[in-house]
Amino acid sequence: MTGIAATFAHELSAALKSADAPVNPLTDDVSAWLEQFRTALEGVGDVQDDSDPPVKLPAGPDDWLRMARDQLDGLPALVSAIHAAASAGRWYQIYAADGDSTGLSDNPMRDLASGMYAAQMIGPRGLIKSTELLAGLFLLRPRLHYPLHQHQATEIYFGASGTVQIQHGLGQVEGTLGPGQVSLTPSNRLHALTMGDSPVLLLYTWMGELGGRNWWWHPSDEGVWQRDAWERQSNAAWAKTVTEVLSPEHTAIEEGIDVGREFR
Ligand SMILES: [Fe+2]
């Protein structure tokens, strides 16, 4: 019998085949990337889950998950794979709030940590271990704003429940992603997410460079863009390791992402 994580990978691959990408600029070659992700997800094959037990969410986030599961919509095989993954998952906070080595009150992790949880099906913490592909569930608190950030991995979000505004680049243009739709984040693309009034449940998958720095962008008091690097330390806590002032050339790349943009 096929395991929960392998079934999840297979059903996510099937769902990506016909998904709309309403928040991506037209210049992104979304369909070519979706095919690469589908090949990787199908490449997982019929591997059994490990035998580690599920880890439940705390009470509040568990309520968001219940609400999100009540709102699942889509093909029965996909819905059933999501329910199975949600029950079997080892849920964890993706950012640990106590990992701030700086002690500064502007630690963005502190605000966000309690609003973002994941259950990895495939990956270093998954039911199937992989160091080349991540896939799983990503649960976000209603009305949470996940500010502008970038990472080396190429990322896909597939909407399962709730609606989220997704911004690509610095162009300040947002699009709405709902259930059954997909957003592709190319490597190092700046992006931000803002949840609607309902909890948001996304299916995520990452390919490429899975580790490294997660850069968070913010303007200085003078209005100059800066970015802070957050890195996982050997004790698994996140720490802010570098702050850079960004050059006009660098910000222009991100401002240019929405040039010529039309909604799909
Ligand atoms: Fe991301």
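Within region 136-150, residues that are closer than 17 Å to Gly196 by Cα sit with their Cβ atoms under 6 Å from residues that are at pLDDT 90 or above and of a type in the set (Val, Ile, Thr), at 6+ positions apart or across chains, in these pairs: Leu140/Val200; His145/Thr194.
Which one is farthest from the chain's Cα centre (by Cα), of the residues in region 204-224 that are part of a strand (DSSP E or B) and at pLDDT below 95? Among those that are part of a strand (DSSP E or B) and at pLDDT below 95, it is Pro219. Taking region 154-166 as the range and being within 14 Å of the ligand (Cβ to nearest atom) and under 27 Å from Asp70 (Cα atoms) as the test, the residues that pass are Glu155, Ile156, Tyr157, Phe158, Val164, Ile166. Would you check which residues across region 132-153 are assigned to a loop (DSSP other than H, G, I, E, B), over 17 Å from Met67 (Cα atoms) and out of contact with any Leu (no Cβ under 7 Å at 6 or more places or on another chain) and list them? Glu132, His151, Gln152, listed by residue number. Within region 185-203, the set of residues being within 12 Å of the chain's Cα centre (by Cα), surrounded by fewer than 22 Cβ atoms within 10 Å (Cβ to Cβ) and touching a residue at least 60 places away in the same chain (Cβ under 8 Å) is empty.
The combined condition, being out of contact with any Phe, Trp or Tyr (no Cβ under 7 Å at 6 or more places or on another chain), within 22 Å of Arg69 (Cβ to Cβ) and not acidic (Asp, Glu), is fulfilled by Val200.
Across region 111-123, the qualifying residues are those that are in contact with a Leu (Cβ under 8 Å, 6 or more places away or on another chain) and part of a loop (DSSP other than H, G, I, E, B), and the one among them that is nearest to Thr194 (Cα to Cα) is Gly115. Condition first: at pLDDT 95 or above, farther than 19 Å from Glu132 by Cβ and in a loop (DSSP other than H, G, I, E, B). Can you find one or more residues in region 37-45 that meet it? Checked against the condition, which is being at pLDDT 95 or above, farther than 19 Å from Glu132 by Cβ and in a loop (DSSP other than H, G, I, E, B), region 37-45 yields no hits at all. If I filter region 49-78 down to residues being part of a helix (DSSP H, G or I) and within 19 Å of the chain's Cα centre (by Cα), which single residue comes out as nearest to Gly115 (Cα to Cα)? Ranking the candidates gives Pro61 first.
The values are calculated or read from the model by the stated rules, or taken from the named source; none is laboratory data. Here the structure is a predicted model, which means the values were calculated and not measured. A quick note on method: Cβ atoms are made from the backbone with ideal geometry, for glycine too, and the neighbour counts reach across all protein chains shown.
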